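Presented below is the structure to which this report refers.
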Amino acid sequence: MNKQLFFGALAAAGMLAGFASAGTLDDVKARGELNCGVTTGLVGFAAPDANGQWTGFDVSFCRAVAAAVLGDPTKVKFVPTTGQTRFTALASGEVDLLARNTTWTFSRDVDLKFTFLGVNYYDGQGFLVHKDLGVTSAKELDGATICIQTGTTTELNLAEYFKVNNMSYKPVAIETNAEGEQQYSAGACDAYTTDASGLAATRAAFADPENHIILPEIISKEPLAPLVRHGDDQWADIGRWTLNALIAAEEFGITSANADELAKGTENPEINRILGTEGDLGAMFGLDPQWALRAIKAGGNYGEIFAANIGESTPIGLARGLNAQWTQGGLLYSPPFR
Amino acid sequence: MSGLHADSTRFVRDTMLAEQEPPLTERGAVKWARENLFSGPLNTFLTVVGVFALYLILKGLGPWLLHSVWFANSAAECRETVAADFGPGATGACWGVVRERWAQYFYGFYPSEAYWRVNLAFVLLFVALAPILFAGVPRKVLWFTAFYPVTALFLLWGGSIWVPVVIMAGIAFGWVAFRLLGPFAGALIAAIAAGLVPVLWWLILAAPVAHLIEGWIPLGIEAIPSAKFGGFLLSFTIGVTGIAFSLPLGIVLALGRQSDMPLVKMLSVGFIEFIRGVPLITLLFTASLLLNYFLPPGTNFDIILRVIIMVTLFSAAYIAEVIRGGLAALPRGQYEAADALGLDYWKAQQLIIMPQALKISIPGIVSSFIGLFKDTTLVIFVGLLDPLKGITDAIRGSFEWKGVYWEPFIFPGLIFFLICFGMSRYSMYLENKLKRGQR
């Protein structure tokens, strides 16, 4: 009898402990490690290298958050997730943060009960075609065979686009990106469609990139955004403002190289507030004043992260386009740090 | 000379004719081909079609394999090397990806300075298996086999040495309970206690005790979390553990299904039919995702352990049915003979029924094992990096190896083939050995 009581008390205590530590920030701090959901491998965005070190655009965001929260960009456990497991992994608490080039949509935000932290990459669906097909616009693809990944939003976008433009197409169903490239280069389809960033990487990896063109039409909006669970606004704020800090850092010219220098104090009060030399913004969500400084030093500001992983100096060679600062004609616009 | 026999007949052979070669069409390769390849219109037609298909495969694959590149650090470098050596437009296999990333195929993201632990565990696996697989090995090695699971656990995951010691202590306590209770309380209660004591020990006391001893005498090696496991290390960990535990569990389930006790029978039938009616992927999803909702938050229930449990249960249900087939194939007389000898249920199973039933079931059991081992690649769906797709996706995720398509399938495929072929050969060896002197 006593034993039963003991077990009951133990279980209850466990449950209470579980509910008591509902704050993700406290959990992460107690664990000393950020669990970050990433893809199982996508060129430029997240992939382990030969030594097992994860690198990429999404990976850099995870590292920035870890630096802000834990003070060390290496304190991240990368959890590879598939298209099927990513949302459950986040909802069940297996990961604290999902940075897995996930498109921000109404139903994912509202129905699946996630909070998107802001767009870190503006993508869109495009077409890759053989140059000798003689096609220069997606509008000329009437009757073409198109390789398309099944079960994705790209499949729906494609159907909608062709329907709206009164054209027909023959779909060739493929399972993975690698299979799509294989089918396309083997000539099984005239065009391959997926996110434009993926197409650029695919084209760059071909033996003859000059024989393939990416058509100018972008037929969908794919704002890729990191996300967290609904219901923990403090944690969501930390993620959102880490992203904003990276974007604002580029706008104000704070780089990983000069951040320490600028942190000694500048004429610009906004830079001072970001780097924690003026005011104490970090304390408002439970972090120290230097949180943003560490996030920026982890992998550089947004522009540096972009250039290092997917920018024009990398083999993938993506132009900034929509992902330029608002002052440069892009869409990146961080709210003020005040 | 007249009157002699030789005159009256024109010729008499007085020596044997030397043996002649058979006609050209009845010997050697020609005969073999006539009998096996061109024995009728249909066979001739099939032979021609077969040869043509073979030619097409070789024509497509031959140059590609002949132009293999081993020393290259990226797919682009492979293409350049092939173009430089065999002219533009030539295609060649790019094994540079295997050369550069083989360690990830075998060890996943296990720290390279700790590879020796995996290698040692792998070698010891065969030492532990030897007395089970081959009769010629000294029986004393079985003691090592008994300790192998905890040894491997310690080697692979590391951490404090007291964890495996405490786990083994649980089994020892179970044995002590069995011995102490046996004389007083009867075999059944002693057996239940022998099962219950270790479980209670592991669930409640094991962790604090291990922690306590660790506090007094810290002893151990670097702990390596499950997230670092991948590739064939992961496949072997899941496959070997699943195989080892699903066979006994399958035997128990098969016996349970044949039991006269309604509760035992119902539970066994329900379990077997449920598991066999559900795809493995569903079980894996349950293990990786649903359990997280059920368990209290903060519970860290290792993902590999969860997957192993699911794979074991899945395989056990199939093995139970295979063994049930073996049991059904035994003539009724064998059961009656056991009864006539006055053997009780367990003795009869141990001495008469199971040895025969298992012998009949060997091909089916090994098929299940091969299936289980190959099914370990499905763990990619719960985010574990299996050698076939998980590691390959990760490798293709770096720009150097993007666009390498067939090689990362062929390499793990070959290794899987070797292992599965080995298992199948062993099963044939075992069948032949057991056939000797029987019926």
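Computed from the coordinates by the stated procedures, all read-outs in this text should not be read as laboratory data. From a predicted model like this one, the values you see are computed outputs, not experimental measurements. We place every Cβ from the backbone using ideal geometry, glycine too, and count neighbours over all the protein chains shown.
A few comments on the model shown:
- Amide H contacts of A:THR115 (H built 1.01 Å from N, in plane; Pro and chain starts excluded): A:VAL228, A:ARG229, A:HIS230 sit under 5 Å, all sequence-distant by 5 or more or on other chains.
- Student exercise, chain B dipole from Lys, Arg, Asp, Glu Cβ charges, in Debye to nearest 20: 720 debye
- Contour minus Cα-Cα distance for B:VAL199 and B:LYS374 (0.36 nm per residue): 59.9 nm
- As a rough guide to protection, the peptides B:43-54, A:77-88, A:240-251, B:201-212 ranked by mean Cβ packing within 10 Å, highest first, stand as A:240-251, A:77-88, B:201-212, B:43-54.
- Averaging over all projection directions, the Cα-based convex hull of the range A:125-220 occupies 5.2 nm² in the image plane.
- Neighbour cut-off at most 12 other Cβ (10 Å), DSSP loop, chymotrypsin sites (Phe, Trp or Tyr not before Pro), the range B:297-383: B:PHE301
- Cα Rg, Dmax (largest Cα-Cα span) when computed across chain B, Å: 30.8, 123
- When the listed pairs A:LYS139/A:LYS170; B:LYS31/B:LYS435; A:LYS170/B:LYS402 are checked against a 24 Å cut-off, the alpha-carbon distance exceeds it for B:LYS31/B:LYS435; A:LYS170/B:LYS402.
- Remark on chain B: B:CYS420 stand apart, with no other cysteine beta carbon under 4.7 Å.
- Positive-end ranking of B:GLY220, B:SER288, B:VAL264 along the dipole of the range B:210-349, with charges on Cβ about the Cα centre, is headed by B:SER288.
- Between B:LEU120 and B:LYS31, residue separation times 0.36 nm minus the direct Cα-Cα distance comes to 26.7 nm.
- Residue (of B:ILE251, B:GLY239, B:TRP201) at the positive-pole extreme of the range B:178-302, dipole from beta-carbon charges: B:ILE251
- With each label modelled as a point 7 angstrom along the Cα→C-beta vector, the B:ASP85-A:GLN182 pair spans 2.3 nm.
- q = 0.07 Å⁻¹, the protein assembly as shown: log10 I(q)/I(0) [Debye, one scatterer per Cα]: -0.68
- If the segment from B:PHE38 to B:HIS211 were pulled out straight at 0.36 nm per residue, it would be longer than the present Cα-Cα gap by 54.8 nm.
- Taking the range B:231-263 and a reference point 7 angstrom along Cα→Cβ of B:ALA103, the backbone N atoms nearer than 18 Å belong to B:231-234.
- Distance-filtered residues of the range B:97-120 - backbone nitrogen under 19 Å, label point 7 angstrom along A:ALA207 Cα→Cβ: B:97-98
- Longest DSSP-loop-exposure-free segment, GluC sites (Glu not before Pro), chain B, at most 14 other Cβ within 10 Å: B:223-439
- Cβ-placed point charges (K, R +1; D, E -1), dipole of the range B:381-435 about Cα centre in debye, nearest 20: 260 debye
- Sequence-distant contacts, meaning Cα pairs under 8 Å at least 6 residues apart, place the relative contact order of the range A:226-309 at 33 percent.
- For the range B:108-176, trypsin sites (Lys or Arg not before Pro) are listed when DSSP marks them as loop and at most 12 other Cβ atoms sit within 10 Å of their Cβ; the list is B:ARG139, B:LYS140.
- Inter-chain shielding of B:105-115 (mean C-beta neighbours from other protein chains, 10 Å cut-off): 1
- Using the Cβ-Cβ distance between B:LYS265 and B:LYS347 with R0 set to 35 Å, the FRET efficiency works out to roughly 0.95.
- Relative contact order %, chain B, counting alpha carbon pairs below 8 Å whose residues are six or more apart: 15 percent
- Between A:GLY303, B:VAL69, A:LEU322, the Cα set farthest toward the positive side of the dipole of the protein assembly as shown (charges on each charged residue's Cβ, about the Cα centre) is that of B:VAL69.
- Pairwise label distance in nanometres, B:PHE409 with B:ASP339, each label 7 Å out on the Cα-Cβ vector: 5.6 nm
- Estimated dipole of the range A:125-220 in Debye, rounded to 20 [Cβ of Lys and Arg +1, of Asp and Glu -1, Cα centre]: 160 debye
- B:THR286 paired with B:GLU273, simple spin-label distance in nm, labels 7 Å along Cα-to-beta-carbon: 1.6 nm
- Of the peptides B:174-185, A:173-184, the order by per-residue mean of other Cβ atoms within 10 Å, starting with the highest, comes out as A:173-184, B:174-185.
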